[in-house]
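Colleague: Structure in structure tokens, see below.
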Amino acid sequence: MILFAASISTIPLWIVLGYLVLLLGLGIFSSTFFRGTSKDYFVASRSIGSFMLLMSVFGTTMTGFALVGSSGKAFNTGVATYGAVAAWSGIIHSAVFFIIGLRLWAIGKRHGYVTQVQFFRDRFNSQTLGTVLFVLLVLLIIPYLLIGIISAGKFVQGTTQGMIEGGIAPWITGLVICGVVLTYVFLGGVRSTAWANTFQTLVFMLTGIVAFLMISKAVAERSPEGAGSVLENIKRSTEYVQEHKPERLVRGKHPDVLRRFDTNTKYHADKPFVESWNTELENLAGIHDADGSLDLSQAEFDAMPADAKQTLAVILVEMVDEGDDHAENAKLRFPDYDGAEANLKTLHKTAVAKARESNDELMLQFIRQPKLDEPKPSMSHLVFITFLFIPLSIGMFPHVFQHWLTAKDAKTFRLAIVAHPICIAIVWLPCILIGVWAAGLAAAGDISVSNPSEVLGTMVKLIANPWLLGLLMAGVLAAIMSSLDSQFACLGTMFTNDIVIPIRGKDYYSDSDKLKLARWFVVGVVAVAYLASLALMETASVFGLGIWCFTGFTALFPIVFAALYWKRVTAVGVYACMLVTTGLWVYWFHQSGYGADKHFYVMGMLPIAPLTFASAAALVVGSLCSKPPEGRLVNRFFPRSNNSNGSRRSNDRRSRQGN
């Protein structure tokens, strides 16, 4: 029986609606601080402080991939999801903030950049390179953006099925959240985005903790001990998985699963049920063979007591299914088998179900256990290790780059570097455990999950309190929308500054013209993203789509790293890197069935690893085989050494005095 504890009350819908109105009001209020300049619209006049930078950067990285996607992945893979994705992210994100973000902020402030493409165009002195990179980044970020809209639609549909027949259609959810986000991004740009992200990040972190505690209680209530304290509920929920789906609790092969497989293998090798069949068949024939013919006719079968009929039906059907000599022997003992097959199979099905429910050992000895497949680890060592490449993608996210540029000063980065791993643990650990618990409930038959993207929504429905359910729905939407707004604002900024303005020159447009362009590009981006989400809503896998987006961004990471730390890198090397990334990404994406194959590996690794190695190699070879960049150009982006000789400092000082 499928158990759903969700209330049919519509209170959760009103709470979500109230949250969206509150968010919209906050976004509009924050836009009153907008200074009316394009610089404020694009990078909030570089005035964001430590706490807001942490919340906005963390919020924009926590997409539907982190919440809806991680729960679905844990449902299929287990606790290995945390080590593979969350643990690596906590460490590597902070490292990228320090070695990439801090340096890009300093360069961006010095040269007045508001987008990645502006930096790369100047760094490699090539307008064309910047345009090509712009196309690649947009093609990668749009699917990443779609993850949020699709996640929201799937989540809300799953959680509202008990309130509205079939749940709220995903197209309605997508339309509403896109409309809310578009409003405050249109009015206040990145400044409103930072305010909204701070609020939404606090909301989804707090409600995520509440959801975790309430869901653990709901799952623990299904255990023999029932619900207890917080720690007892977590323990009992995990024990429930241990009982019904133990393989989800380890990355490798669970000892209980191995023992079960070994016992099953021995059982099929020894076939104790065969002896049981022959012994009981002889016994039944001896008792009910009225004419002494050594077989049982249909009339003799009809005259048998109900229990004996069921036993004989079980033995005959099992022997025929086993085939070979067993099937021949069964039909010799019951010549009318073919004519009575339908009735025998009905009796067999009823008897088997009854025996398993009551644990009837006498009947179970006649029933073959299904042959188990050899257990496999949920994730190999190599796949687990190659997951560490995924967090590197943050170094090439255009929306994260834009948030870095909003920082007030270098010290603003300290809190983000230190606290980001803690924030990741607070959000990811509960989501992954919820997915693991869902696997246990599904194995026990307590819930039904048709799509991994529905796992979180299905588990939230276990909470009977409509007020809490509404708050939790709002929290999940907050996490999803805190990414959408940054991505919308970023794409509007990129189209304006990287495509339109360079065509006519930066002096052609007034500051107000730049604002109008950015705002209308945001409207266009939102419209395209919404329509694309409708086309992919029923087929896209949130986790799978996310992995392929991150694969492309990570493969481009060597470009930003080399641009900041290797003076010898050239535009030719960057072109080679982009060419290899595009070619291999498209080829392997096609080979995977456009993401349909969830276990597509290259040389036993996630494609992200060999693709990154190949792109980095192309960057190095292309740079070394081309003419070195001019020192005058390179020195604009590298801080002078503290060991500069005295004559250089003296010359610089005289030059300044002369000026």
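The values are calculated or read from the model by the stated rules, or taken from the named source; none is laboratory data. Every value quoted in this text rests on a predicted model; they were computed, and no experiment measured them. Methodologically, a virtual Cβ is constructed for each residue, glycine included, from the backbone with ideal geometry; neighbour enumeration extends over all protein chains shown.
Colleague: What number of residues in segment 516-535 are over 21 Å from Tyr41 (Cβ atoms) and without any contact (Cβ under 8 Å) to a residue 24 or more places away in the chain?
Modeller: Qualifying residue count, segment 516-535: 2.
Colleague: Determine whether segment 147-159 contains at least one residue that is aromatic (Phe, Trp, Tyr), buried (at least 24 other Cβ atoms within 10 Å of the Cβ) and either in contact with a helix residue (DSSP H, G or I) (Cβ under 6 Å, 6 or more places away or on another chain) or at pLDDT 85 or above (or both).
Modeller: yes
Colleague: Continuing with this model, one more query. Does Lys598 meet the test of being modelled with pLDDT under 90, basic (Lys, Arg) and surrounded by fewer than 21 Cβ atoms within 10 Å (Cβ to Cβ)?
Modeller: Against the criterion (modelled with pLDDT under 90, basic (Lys, Arg) and surrounded by fewer than 21 Cβ atoms within 10 Å (Cβ to Cβ)), Lys598 qualifies.
Colleague: Output the number of the condition that Gly544 fails; it satisfies all remaining conditions of (1) buried (at least 16 other Cβ atoms within 10 Å of the Cβ); (2) over 30 Å from Ser450 (Cβ atoms).
Modeller: (2)
Colleague: Let me confirm something: among Phe51, Phe58, which residue is surrounded by 20 or more Cβ atoms within 10 Å (Cβ to Cβ) and in contact (Cβ under 8 Å) with a residue 40 or more places away in the chain?
Modeller: Phe58
Colleague: Give the residues of segment 201-227 that are under 19 Å from the mean Cα position of the chain (by Cα) and either of a type in the set (Gly, Ala, Ser) or at pLDDT 85 or above (or both), sorted by residue number.
Modeller: Residues satisfying the conditions are Thr201, Met205, Gly208, Ile209, Ala211, Phe212.
Colleague: Which members of segment 152-176 meet the condition of being in contact with a Gly (Cβ under 8 Å, 6 or more places away or on another chain) and under 20 Å from Leu491 (Cα atoms)?
Modeller: Hit for segment 152-176 is Gly174, nothing else.
Colleague: Continuing with the same structure: When both residues are 6+ apart or on different chains and their Cβ atoms are under 9 Å apart, which pairs have a first residue that lies in segment 625-637 and is farther than 17 Å from Phe119 by Cβ, and a second that is of a type in the set (Lys, Arg)?
Modeller: What qualifies is Pro628/Lys567; Pro628/Arg568; Gly631/Lys567.
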